[in-house]
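The values are calculated or read from the model by the stated rules, or taken from the named source; none is laboratory data. Just so it is clear, the model here is predicted, and its values are computed rather than measured. Here the Cβ is made from the backbone with ideal geometry for all residues, glycine too, and neighbour counts use every protein chain on show. Remember, those area values only see protein heavy atoms, side chains included, never the ligands or the DNA or RNA. Shrake-Rupley method; radii C 1.70, N 1.55, O 1.52, S 1.80 Å.
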Amino acid sequence: MAFELPALPYATDALEPHIDKLTMEIHHGKHHQAYVDNLNKAIAGTEAENLKIEDIIQNISKYPAAVRNNGGGHFNHSLFWSILSPNGGGQPSGELASAINEAFGSVDELKKKVSEAGATRFGSGWAWLIVGADGKLQVSSTPNQDNPLMDVAEVKGTPILGIDVWEHAYYLKYQNKRPAYLEAIWNVINWDAVADRYQKARK
Ligand code: MN3
């Protein structure tokens with residue numbers, strides 16, 4: 001069974017002005033589609049065709065680079081679309097808010113740490129908020145299309161929020177100003193979706 005591009009849960013112009021329509025069209029329709037297509041090509045005729053993407057990701061060291069790059073790309077972007085929303089922004093609540101306050105002192109401090117992780121990632125990659133093996137929240141970043149669920153990750157955990165800092169995620173609107181993109185994106189973060197992933201990661 002081949003992997004498929006998930007539909008966006010909102011229109012491509014819904015995240016304007018923070019993320020522009022053309023960026024969303026190309027990012028979802030071309031970049032993510034290419035990761036899906038190339039992942040399917042890379043696993044064609046192998047037993048990985050019958051696995052869930054999470055199962056492949058967690059054992060990524062057993063696979064060739066094409067599966068790591070494109071499987072990571074598919075997993076990461078699927079997560080990314082799901083934690084953005086035109087009704088996003090604001091503040092997290094409930095248990096997630098308590099956990100953030102405990103780990104970072106405040107939501108503002110968490111945002112600062114994630115933005116810093118993204119801004120200082122040289123080249124292409126991702127900034128993450130993860131639930132570690134100890135159940136605690138942590139900020140990390142990964143290069144290329146790696147992620148914290150991979151067995152090769154330097155800092156391992158279950159990602160509950162991920163921010164794409166590849167130039168294709170922001171260049172049309174923000175050009176070289178990655179920090180401006182990282183500031184704006186908090187206006188469209190879907191904290192309910194992040195809280196949902198937090199609850200699942202803790203089980
Ligand atoms: Mn991307």
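A few remarks follow.
- For segment 77-116, a residue qualifies if it is open to solvent by less than 20 Å² (accessible area, probe 1.4 Å), assigned to a helix (DSSP H, G or I) and touching a strand residue (DSSP E or B) at 6+ places or on another chain (Cβ under 6 Å), and the qualifying residues are Leu79, Phe80, Ala99, Val114.
- Close pairs (6 angstrom Cβ cut-off, 6 or more residues apart or separate chains): of a type in the set (Ser, Thr, Tyr) in segment 27-38, within 8 Å of the ligand (Cβ to nearest atom) and open to solvent by less than 40 Å² (accessible area, probe 1.4 Å) anywhere: Tyr35/Gly73
- Scanning segment 147-169 for residues that are within 13 Å of the ligand (Cβ to nearest atom) and either open to solvent by 10 Å² or more (accessible area, probe 1.4 Å) or at positive phi (or both) gives Trp166, Glu167, His168.
- Qualifying residues in segment 48-76 (those that are in a helix (DSSP H, G or I) and of a type in the set (Lys, Arg)) - the one nearest to the ligand (Cβ to nearest atom): Arg68
- Residues in segment 189-196 include at least one that is within 15 Å of the chain's Cα centre (by Cα), open to solvent by 10 Å² or more (accessible area, probe 1.4 Å) and among the small types (Gly, Ala, Ser).
- Failed item, numbered, when Ala117 is tested on (1) under 30 Å from Lys41 (Cα atoms); (2) within 16 Å of the chain's Cα centre (by Cα): (1)
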